[in-house]
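The values are calculated or read from the model by the stated rules, or taken from the named source; none is laboratory data. All of these numbers come straight from a predicted model, not from anything done at the bench. Glycine gets a Cβ as well: all are built from the backbone with ideal geometry, and neighbour counts include every protein chain shown.
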Amino acid sequence: MVHRYKNNGYNIVLDVNSGAVHVVDDVVYDLIPLMENDPGISDDELVRQIGSGYDGSDVKEAAGEVRKLYEDGTLFSADVFEPYIERFTEEKSRAPIIKAMCLHIAHDCNLRCAYCFAGDGEYHGRKALMSYEVGKKALDLLIASSGSRVNLEVDFFGGEPTLNFDVVKKLVEYGRSREKECNKKFRFTLTTNGLLLDDEVLDFANKEMGNLVLSIDGRREVNDRMRPTAGGKGSYDVILPKFRKAAASRDQTNYYVRGTYTHFNTDFAKDVLHLHDEGFEQISVEPVVSDPKEEYAIREEDIPVLLEQYDVLAREIIKRRKEGRFINFFHFMIDLEGGPCVAKRLSGCGAGTEYLAVTPWGDLYPCHQFVGKEEFLLGNVDDGIINTKLSSKFASCNVYTKKECRDCFAKFYCSGGCMANSYNATGDINGNYETGCILQRKRIECAIMIKAALSGEAAD
Amino acid sequence: MKHIKTLNTRDYRKSTKTGGCGECQTSCQSACKTSCTVGNQSCENKNR
């Protein structure tokens, strides 16, 4: 399968099944569809089919280059991975490994974000704080279920985890105390809205948290519309200086300012760039996921605007990077050379198998987005995964079980997308959240174009 | 090549031989939480 597209003056050809990325000139771009089904097609036939816009010798020379890529296995390559992924997912179902947990330290929040999928932090249930005992059992379960995996990830999440920060500190201490004897390495992440991010929290985070996720949506008016305090005031002026300090104290690495854009700010590129202008280099801003009936939900008519915004943002990022002003936009990150193996690419996010969310009272769910949906209850920290049938369903969800993914060029970059989004949109984790897919494909196209632009790899 | 410039990429097929160690980051564990981003992650297998 080949995907070709034009973006920002670059002609880009992706050989989906090998992962190869080619930046090509116009004649090759136009030859690709003529040669995809028959790379051996004669030069004379190609000259005839491509039309009068090109010089014949140029066409023949370009066709020779296309054939060379085909012979090298980096163009028109076949998909050989389906049997491989079947073996891989079968193994995952048979001997599940848990390597990451999202600990819901607090089902409570001091903000009232309008779009919160956790419904004011309570996940449509009751207010609750995780006890140390429950958290400790969760870490024990993680260690015991992680097989030979060394790197274990734990995200302190909520609600707002700083509302229960003593437990966070004690759990980190407990996790660290078991690393050596168990040959494990914990990577802790704290996700916070910043209201309680004081020096004590920051010092602790800088010492212990491999990643710090700081929630802010962008411009003041955008942030404050969706992220008011419980008293109805805006949060921007309180959190911005704290976040600036946090980013600087971490040398602008190992953190993200993380925002959500909605129907109310379809010009979200301005919010990303605003965050950069305010001194943040690591930025993640992504579309709201919500009931389509909500006023702030992304609408079908927003999509062309959003796609254009990604283009605007991509061009501006290239400009700023070339000027020596570093900016990293999470959703344009793509690791072409050192990226994941195909097993990872095909097996998805790991929700329900290697990644679990833990509620304050110790119930296990496939991920944070499924918490509160009782039909997705997997087990608890005392007994581990009880609903193995459900876990197996998650283990076997991959790009070959999702029919829309099979013919999508993005499948090896997004791995089939977010299962919670699929479920919310279609009622099935193997379904397809089309709006999310359209935006994801655009982000991938932009990300690869940026790679081409910054590597100076443009075709003549 | 005159008409084509190829960016350096990891060959997926070769990765079937060395991949699957599972030490890499879990996708949603970083900065998204409402989408799936796998292609941006780095392989942690030093022997790949």
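Quick one: A:TYR70 ticks every box in (1) over 30 Å from A:LEU129 (Cα atoms); (2) in contact with a strand residue (DSSP E or B) (Cβ under 7 Å, 6 or more places away or on another chain) bar one, so which box is it?
Of the numbered conditions (1) over 30 Å from A:LEU129 (Cα atoms); (2) in contact with a strand residue (DSSP E or B) (Cβ under 7 Å, 6 or more places away or on another chain), the odd one out for A:TYR70 is (2).
Quick one: in the range A:341-360, of everything that is part of a loop (DSSP other than H, G, I, E, B) and over 17 Å from the mean Cα position of the chain (by Cα), which residue is farthest from the other protein chains (Cβ to nearest Cβ)?
A:PRO360
Restricting to the range A:401-410, give me the number of residues that are away from every other protein chain (no Cβ under 12 Å) and assigned to a helix (DSSP H, G or I).
Residues that pass the stated criteria total 3.
Could you run through the range B:3-48 and say how many residues are modelled with pLDDT of 85 or more and more than 7 Å from every other protein chain (Cβ to nearest Cβ)?
Number satisfying all stated conditions: 1.
Could you give every pair whose Cβ atoms fall below 9 Å, whose first residue belongs to the range A:9-26 and is within 15 Å of A:ALA62 (Cα to Cα), and whose second residue is surrounded by 21 or more Cβ atoms within 10 Å (Cβ to Cβ) and at pLDDT below 95, counting only separations of at least 6 or pairs across chains?
Correct list of pairs: A:ASN11/A:ALA459; A:HIS22/A:ALA459; A:VAL23/A:ALA459; A:VAL24/A:ALA459; A:ASP25/A:ALA459; A:ASP26/A:ALA459.
So which residues in the range A:361-396 are of a type in the set (Gly, Ala, Ser) and more than 14 Å from chain B (Cβ to nearest Cβ)?
Listed by number, the residues that qualify are A:GLY362, A:GLY372, A:GLY379, A:GLY384, A:SER391, A:SER392, A:SER396.
Conditions: (1) out of contact with any Leu (no Cβ under 9 Å at 6 or more places or on another chain); (2) at the interface with another protein chain (Cβ under 10 Å from one of its Cβ atoms). A:ASP155 meets all but one. Number of the miss?
(1)
What tally of residues in the range A:263-312 results from selecting those that are in contact with a helix residue (DSSP H, G or I) (Cβ under 9 Å, 6 or more places away or on another chain), more than 23 Å from A:ARG325 (Cα to Cα) and either without any contact (Cβ under 8 Å) to a residue 24 or more places away in the chain or not basic (Lys, Arg) (or both)?
Counting residues in the range A:263-312 that are in contact with a helix residue (DSSP H, G or I) (Cβ under 9 Å, 6 or more places away or on another chain), more than 23 Å from A:ARG325 (Cα to Cα) and either without any contact (Cβ under 8 Å) to a residue 24 or more places away in the chain or not basic (Lys, Arg) (or both) gives 20.
Taking the range A:411-460 as the search range and keeping residues that are assigned to a loop (DSSP other than H, G, I, E, B) and charged (D, E, K, R), which one is farthest from the other protein chains (Cβ to nearest Cβ)?
A:ASP428
With the requirement that a residue be basic (Lys, Arg) and farther than 20 Å from B:THR34 by Cβ, what does the range A:252-290 give you?
A:LYS270
Would you tally the residues in the range A:295-326 being within 14 Å of another protein chain (Cβ to nearest Cβ) and not aromatic (Phe, Trp, Tyr)?
Total meeting the criteria: 3.
Answer yes if at least one residue in the range A:91-111 is more than 10 Å from chain B (Cβ to nearest Cβ), touching a helix residue (DSSP H, G or I) at 6+ places or on another chain (Cβ under 7 Å) and in a helix (DSSP H, G or I), and no otherwise.
Yes, some residue in the range A:91-111 is more than 10 Å from chain B (Cβ to nearest Cβ), touching a helix residue (DSSP H, G or I) at 6+ places or on another chain (Cβ under 7 Å) and in a helix (DSSP H, G or I).
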